[in-house]
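Take a look at the structure below.
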Amino acid sequence: MAVSNFVYNTFFKKSSSAALTVVVGAILFERGVDAFTDSVFEYYNRGRLWKNIAHLYPPKPED
Amino acid sequence: MAPVLGQFGRTVFSNFAKGYSHPKVYLSNTSSSFREMSQGKKILLTTGCFLTTAAAGLAYSLNESVKAIDLNLHPPKYPWPHKGHRHEPELLAALPFRKLELDKAIGLYDAASLRRGWQVYKQVCAACHSLRFVAYRQFVDLFMTEDEAKAEAAEATITDGPDANGKMFQRPGKLADYIPSPYPNEEAARVANGGAYPPDLSNITVGREGDEDYVFSLLRGYADPPAGVELGENQHFNLYMQGNAIAMAQALYNGLIEYDDGTPATASQMAKDVTHFLAYCATPELESWKKYLFKWTIISTCLFGLAWYYKRHLWASLVYRRVAYRDVNKKH
């Protein structure tokens with residue numbers, strides 16, 4: 001209860017702070033989902049991505 | 001809303017508590033006499049219906065002939081990195097020993113294969129086929145560095161213009177340029193290829209039935225024509241081509257080119273790599289589509305959870321109420 005009271009009083013009691021919570025929460029949530037998605041894709045496709053294999057193709061010396 | 005629902009509930013429940021009896025409703029007792037039948041008759045009728053349906057189905061399927069009018073050989077399915085295995089039984093049999101197969105959902109293109117495929121396109125197919133909708137900038141950080149892509153572009157000669165005098169001029173390519181075509185127009189391409197037009201390969205894997213599997217099979221599908229098959233001049237026998245006669249000679253032979261990563265350039269290796277590269281050219285958006293689908297799944301799960309919570313929140317007062325009934329007629 002203490003936690004939910006604290007959350008309610010700090011984030012949702014006033015409309016202004018509730019609106020701010022929604023905006024900031026949306027930004028953080030979206031960044032979290034993006035980071036999670038990228039890490040899942042990178043993990044699953046490890047070895048297939050260019051950044052995994054770029055070191056196998058050293059730049060040709062200029063001549 | 002809530003007071004209305006509450007009033008409604010009270011009315012219904014108090015009537016019920018008072019022993020109010022609803023008029024009985026008889027459902028369609030004129031149209032069906034099945035309910036009044038004896039047990040034996042019911043069983044007989046049900047069995048009869050089953051048998052009739054089964055017999056009709058059997059007769060229908062026996063009447064269907066095997067459809068052998070389709071003379072085309074359909075390509076087998078191959079396990080592309082961005083599409084995955086589609087041989088489920090085999091997959092299930094090997095599952096414990098295999099990496100979890102999610103290629104179809106979250107598999108991306110294989111950069112090493114794309115890189116080899118671009119080499120094959122550039123050194124073999126580009127002699128006849130254009131790739132008009134693909135630009136050099138797309139390759140950056142997909143299968144080559146920016147410097148390499150710039151060098152690739154600079155090797156090409158691009159016709160640009162008109163300049164201040166109204167003349168077209170030639171210049172080395174830049175990253176933003178699209179890949180130049182081998183022929184200036186379709187007619188020139190036809191004349192050079194004995195009347196047949198080598199199609200643009202930008203969208204070839206989505207433009208043919210069988211997609212990647214078809215293009216790969218086509219490149220590997222050359223054979224000696226069986227006895228009795230007449231081929232026109234400039235035509236070659238191919239198992240997978242519509243009508244089995246194709247105006248493109250076999251393009252890939254073992255050891256035709258040399259890969260820069262040292263992979264042995266067998267004909268099937270080259271066919272696989274160039275097809276993978278062409279699949280990328282046709283659907284470069286595939287990777288972002290898959291990511292969007294993944295994110296959509298996460299986000300809509302969260303939204304569903306929120307909606308579920310909000311619904312419970314709204315209905316809590318109705319769902320968790322306790323109702324006690326008092327008989328108003330009874331003297332206390």
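Any read-out appearing in this document is the output of simple, stated calculations on the displayed coordinates, not a laboratory observation. Quick caveat, the model's predicted, so the values are computed rather than measured. Virtual Cβ from ideal backbone geometry, glycine too; neighbours counted across all protein chains shown.
Along segment B:173-189 the Karplus relation, 6.51 cos²θ - 1.76 cosθ + 1.60 evaluated at θ = phi - 60°, assigns HN-Hα couplings of x, 10, 4, 7, 6, 8, 5, x, 8, x, 10, x, 7, 4, 5, 4, 5 Hz to successive residues, with x for each Gly and Pro. For the pairs A:51/B:104; A:51/B:295; B:122/B:167, flag any whose C-alpha to C-alpha distance is greater than 25 Å. Where the Cα-Cα span goes over 25 Å, the pairs concerned are B:122/B:167. Considering only A:17, A:52, A:37, and ranking their Cα positions along the charge dipole of chain A that arises from unit charges at the beta-carbon of Lys, Arg, Asp and Glu, the one farthest toward the positive end is A:17.
Close amide H pairs (under 5 Å, H built 1.01 Å from N) link residue B:158 with B:171, B:173, residues at least 5 positions away or on another chain. Note on the protein assembly as shown: with charges restricted to the Cβ of Lys and Arg (+1) and Asp and Glu (-1), its dipole about the Cα centre is near 4140 debye.
Using Cα-only point scatterers and the Debye equation, what is log10 of I(q)/I(0) for segment B:110-151 at each q in 0.22 Å⁻¹, rounded to two decimals? Rounded to two decimals, the profile gives -0.77.
So, with +1 on the Cβ of K and R and -1 on the Cβ of D and E, and no other charges, what is the size of the charge dipole of segment A:2-56 about its Cα centre, to the nearest 20 debye?
Values: 6 positive and 4 negative charges, 16 e Å.
Dipole of segment A:2-56, to the nearest 20 debye: 80 debye.
Given only helices, namely DSSP H runs of n ≥ 4 each adding -39500 (n - 2.57), what is the per-residue ellipticity at 222 nm of chain A, to the nearest 500 deg cm²/dmol? Before the final figure, lay out each step's value.
On the way: 3 runs with 40 residues, N = 63.
Estimated from H runs of four or more residues: -20000 deg cm²/dmol.
Looking at segment B:110-194, which trypsin sites (Lys or Arg not before Pro) are DSSP coil and have at most 10 other C-beta atoms within 10 Å of their C-beta? When the trypsin sites (Lys or Arg not before Pro) of segment B:110-194 are filtered for loop state and at most 10 Cβ neighbours within 10 Å, B:167 remain.
Where in segment B:223-332 are there trypsin sites (Lys or Arg not before Pro) that are in a DSSP coil and have at most 10 other Cβ atoms within 10 angstrom of their Cβ?
Details: sites: B:272, B:290, B:291, B:295, B:311, B:312, B:321, B:322, B:326, B:330, B:331; in loops: B:321, B:322, B:326, B:330, B:331.
Qualifying residues, ordered by number: B:321, B:322, B:326, B:330, B:331.
Cα centroids of segment B:271-332 and segment B:123-144: 41 Å apart.
Looking at the protein assembly as shown, the DSSP beta bridges with both ends there are about 90 percent antiparallel. Residue by residue, segment B:106-117 carries 3J(HN,Hα) couplings of 10, x, 10, 5, 8, 4, 4, 5, 4, 5, 5, x Hz when phi is fed to the Karplus relation 6.51 cos²θ - 1.76 cosθ + 1.60 (θ = phi - 60°); x denotes Gly or Pro.
If you take the Cα Rg of segment B:111-287 and divide it by 2.2 N^0.38 Å, with N the number of residues, what do you get?
Working: Rg = 17.5 Å, N = 177, 2.2 N^0.38 = 15.7 Å.
Normalised Rg, Cα atoms only: 1.11.
Shape analysis of the protein assembly as shown yields a ratio of the Cα radius of gyration to the Kirkwood radius, Rg/Rh, of 1.18.
Restricting the GluC sites (Glu not before Pro) of segment B:198-297 to loop positions (DSSP other than H, G, I, E, B) with no more than 14 neighbouring Cβ atoms within 10 Å leaves B:209, B:230, B:233, B:258, B:285. Calculated on the Cα set of chain A, radius of gyration then Dmax: 22.3, 73 Å.
Of the two radii for segment B:213-285, the radius of gyration is 1.04 times the Kirkwood radius, both from the alpha carbons; that is the Rg over Rh value.
Compute the whole-percent fraction of alpha carbon pairs in segment B:104-186 spaced more than 15 Å apart.
On the way: 2162 of 3403 pairs.
The answer is 64 percent, as a whole percent.
Phi angles of segment B:291-305 translate, via the Karplus equation with coefficients 6.51, -1.76, 1.60 and θ = phi - 60°, into HN-Hα couplings of 5, 4, 4, 4, 5, 4, 4, 4, 5, 6, 4, 4, 5, 4, x Hz per residue; Gly and Pro are given as x.
Fully extending the segment from residue B:137 to residue B:61, taken as 0.36 nm per residue of separation minus the present Cα-Cα distance, adds 21.8 nm. Between the beta carbons of residue B:239 and residue B:306, assuming R0 = 45 Å, the FRET efficiency works out to 0.20 to the nearest 0.05.
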